[in-house]
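The values are calculated or read from the model by the stated rules, or taken from the named source; none is laboratory data. Not measured: the values here are computed from a predicted model. Positions of Cβ are generated from backbone atoms using ideal geometry, with glycine treated the same way; all protein chains shown enter the neighbour counts. Just the protein is used for accessible areas: all its heavy atoms, side chains included, with ligands, DNA and RNA removed. Shrake-Rupley method; radii C 1.70, N 1.55, O 1.52, S 1.80 Å.
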Amino acid sequence: MKLIFVTGGAISGLGKGVTSSSIGRLIKSTGNSVGMVKMDPYLQIDAGTMSPYEHGEVFVTEDWGECDLDIWNYERFTDENLAKVNNITTGKVYQNVINKERAWEFLWKTVSLFPHIPNEIKEQILVTARKYDVTIIEVGGTIWDIENAPFLEAIRGFKKELGSENVFTCVVAPLLHLNYSGEVKTKLIQHSVSDLRKTWVIPDAIICRTEIEMSEEIKEKLARSCDVDERALIEAKNVETIYQVPDYFKKQGFLDYLWEKLKIDVSTSNLENWNILVNKITEAPIVVKIWVVWKYTAFEDTYKSINEAFIHAWVANNSRVELVWIDAENIKTPEEIEKALSWVSWVLVPGWFWERWVEGKILAVEYVRKNNIPFLGICLWLQVAVIEFARNMCGIDDAHSAEFSQTSQNFVIDFMEEQKNITDKWGTMRLGSYEAKLWENSLAAKLYWNTDITERHRHRYEVNPNYHEVLEEKGLTISGKSPSRDLTEFVEIENHPFFIATQAHPEFKSRLESPHPLFVWLVKASLDNK
Ligand code: GLN
């Protein structure tokens, strides 16, 4: 059992997640099994209530975990499914310690921040680490954040208990390049390292985030001032795509260095297939445009999974995808919809919660349905498509979702009976992986090449089964249902070139090595349509 810790120096936003994921991919390339853990210093139990504006998208694991987006980075780079236990938050740690105290586990002792909190952190890490040859553990935030102290103390404890041949620590820190004078400043790295040392954690590697190549002179200076071997300095210069980072680290001898320190056999490392796919990202010859209607503007990470799913689909099609984002706030009236969508060939709309402009969305779906504009709807947009169809094709004028209307007599989207008596907010969510049975002749089955599939969900409302019959009678195909309950998973429209919506979030399962069929097909069809 080997542990590799990744901590942050000076500032956040340096790419600790990509660093950890890339180390994960490197370890996987050696044939060793790799576990991944993210430690988040916030007090929430999980990321479910975080604002997408501040924190980016909330990621969902197979086992119902609402997690930090880094968990998805890890899944994408290691091509492994992760679980709730792989995301440890300060909230989870404190909750467990307090529960144990109430269960008299610390009877006659004083329960305090040290050592009880670091001990709990160590126990939670071991739940994952015991199962793998090597586990990479990323500490969110920076070593200068006061809430990081218990996590750093846990690292120190592990190093003492397991020995330095089993525990390796990296710190990711910025090398400053002053554009106005051309100078390179090493101070932030030096102070990050010395402050880490003050917590008794000795860094084995320093990942230097830099915009320019590190000169020999800078390396010498850093090695001297940080009191490390030059091989411990790993340059992390900006790259064209994050998927290049594993190879970039490998070429600098990072794996050999790990081998030396941790005694992991890395001689079998093979990144060839990975690199072939990565080259396709940078070298794809043709460009296709796909329009995405979105809600949370101004923060790139909000739709991270959608963005990445398109990169995977572009590799599969060997064609670069350019996404054109249409702010949903700007398409509320028929005129605005006409203006925004009339020249669009493909639309994808990702899901969201607490929708304000739902009437505008209904108009938008009416527009794409009537004008044969190919459409892939995700989560809320399946619900919107059903409302639109019920109103305009089934004559149910007040068809609505119980999420948005108090007065409608026809909730075609509603809470299911069993949800109505649940008072705990989390209990009402359909979260995590669910099976779906696809209708054999459906577009969905054609795209998935299968009739039995699973997808990850994150929503509360469902298509009301009382309306299934009337919707289908008028030409809305319910092409996928959950096998155990009468829940709608996919809808399609007959006599439309491509109209498919899913109640799930297919983007969560897309990876470079296994791109998602719905996205691959959307890109392929756009190319055919060009
Ligand atoms: N708000 C909708 C629901 O809870 C859809 C959520 C989503 O798109 N993820 O059912």
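Observations on the model:
- Scan of the range 157-182 for residues that are over 26 Å from the mean Cα position of the chain (by Cα) and assigned to a strand (DSSP E or B), ordered by number: VAL167, LEU176, HIS177
- Any hit, the range 368-380, residues being within 16 Å of the ligand (Cβ to nearest atom), assigned to a loop (DSSP other than H, G, I, E, B) and of a type in the set (S, T, N, Q): no
- Residues within the range 427-480 that are among the β-branched types (Val, Ile, Thr), out of contact with any helix residue (DSSP H, G or I) (no Cβ under 7 Å at 6 or more places or on another chain) and part of a strand (DSSP E or B), tallied: 3
- Looking only at the range 400-410, residues that are more than 10 Å from the ligand (Cβ to nearest atom) and either in a strand (DSSP E or B) or open to solvent by 30 Å² or more (accessible area, probe 1.4 Å) (or both) come to 5 in all.
- Residues satisfying the stated conditions in the range 460-470, i.e. away from the ligand (no atom under 16 Å from the Cβ) and within 14 Å of SER482 (Cα to Cα): HIS468
Every residue, every condition in (1) surrounded by fewer than 22 Cβ atoms within 10 Å (Cβ to Cβ); (2) touching a Ser or Thr at 6+ places or on another chain (Cβ under 9 Å); (3) assigned to a helix (DSSP H, G or I), yes or no:
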residue	(1), (2), (3)
ILE11	yes, yes, no
SER20	no, no, yes
ARG25	no, yes, yes
MET36	no, yes, no
LEU43	yes, yes, no
GLU62	yes, yes, no
TRP72	no, yes, yes
VAL93	no, no, yes
GLU101	yes, no, yes
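- In the set GLU338, GLU388, GLU329, only one residue is among the acidic types (Asp, Glu), within 27 Å of the chain's Cα centre (by Cα) and either part of a helix (DSSP H, G or I) or within 18 Å of PHE498 (Cβ to Cβ) (or both); that residue is GLU329.
- None of THR49, THR30 is β-branched (Val, Ile, Thr), modelled with pLDDT of 95 or more, over 19 Å from ILE207 (Cα atoms) and surrounded by fewer than 22 Cβ atoms within 10 Å (Cβ to Cβ) except THR30.
- Hits in the range 242-280 - residues which are open to solvent by 10 Å² or more (accessible area, probe 1.4 Å), of a type in the set (A, V, I, L, M), under 17 Å from HIS312 (Cβ atoms) and in contact with a Ser or Thr (Cβ under 9 Å, 6 or more places away or on another chain): ILE242, VAL245
- Residues located in the range 133-146, provided they are hydrophobic (A, V, I, L, M, F, W, C), over 23 Å from ILE98 (Cα atoms) and open to solvent by 20 Å² or more (accessible area, probe 1.4 Å): ILE143, TRP144
Listed here are the residues, each with its yes/no results for (1) of a type in the set (A, V, I, L, M); (2) within 16 Å of the ligand (Cβ to nearest atom).
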residue: GLU329; (1), (2): no, no
residue: SER342; (1), (2): no, no
residue: LEU348; (1), (2): yes, yes
residue: TRP357; (1), (2): no, yes
residue: LEU382; (1), (2): yes, yes
residue: ARG391; (1), (2): no, no
residue: VAL412; (1), (2): yes, yes
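- When the range 108-132 is filtered for residues that are open to solvent by 70 Å² or more (accessible area, probe 1.4 Å) and not in a helix (DSSP H, G or I), the ones remaining, listed by number, are TRP108, LYS109, THR110, ARG130, LYS131, TYR132.
- Verdict on ALA236 being more than 30 Å from VAL321 (Cβ to Cβ) and of a type in the set (Gly, Ala, Ser): no
- Some residue of the range 205-227 being open to solvent by 70 Å² or more (accessible area, probe 1.4 Å), in contact with a Leu (Cβ under 9 Å, 6 or more places away or on another chain) and part of a loop (DSSP other than H, G, I, E, B): yes
- Residue check, THR502 polar (S, T, N, Q) and open to solvent by 10 Å² or more (accessible area, probe 1.4 Å): no
- Pairs with Cβ under 9 Å, 6+ apart, first in the range 344-356 and on the phi > 0 side of the Ramachandran plot, second at pLDDT 75 or above and within 7 Å of the ligand (Cβ to nearest atom): TRP354/GLU403
- Filter pass, ALA316 being of a type in the set (Gly, Ala, Ser) and touching a residue at least 40 places away in the same chain (Cβ under 8 Å): yes
- In the range 133-156, the residues that are closer than 29 Å to ALA10 by Cβ and in a loop (DSSP other than H, G, I, E, B): GLY140, GLY141, THR142, ILE143, TRP144, ASP145
- The range 240-270 - residue that is modelled with pLDDT under 95 and of a type in the set (Val, Ile, Thr) and, of those, nearest to VAL134 (Cα to Cα): ILE264
- Residue list for the range 418-459, filter: loosely packed, with under 15 Cβ neighbours inside 10 Å, within 16 Å of the ligand (Cβ to nearest atom) and not β-branched (Val, Ile, Thr): GLU418, LYS420, ASP424, LYS425, TRP426, GLY427
- One residue stands out among those in the range 228-241 that are among the β-branched types (Val, Ile, Thr) and under 20 Å from LYS261 (Cα atoms): the one that is surrounded by the fewest Cβ atoms within 10 Å (Cβ to Cβ), which is VAL228.
- Among the residues of this structure, ILE202 counts as one that is at pLDDT below 95 and either open to solvent by less than 80 Å² (accessible area, probe 1.4 Å) or within 22 Å of SER164 (Cβ to Cβ) (or both).
- Residue within the range 476-497 that is acidic (Asp, Glu), open to solvent by 50 Å² or more (accessible area, probe 1.4 Å) and under 29 Å from ALA525 (Cα atoms) present: yes
- Yes/no for LEU512 being assigned to a helix (DSSP H, G or I) and either open to solvent by less than 10 Å² (accessible area, probe 1.4 Å) or more than 16 Å from the ligand (Cβ to nearest atom) (or both): no
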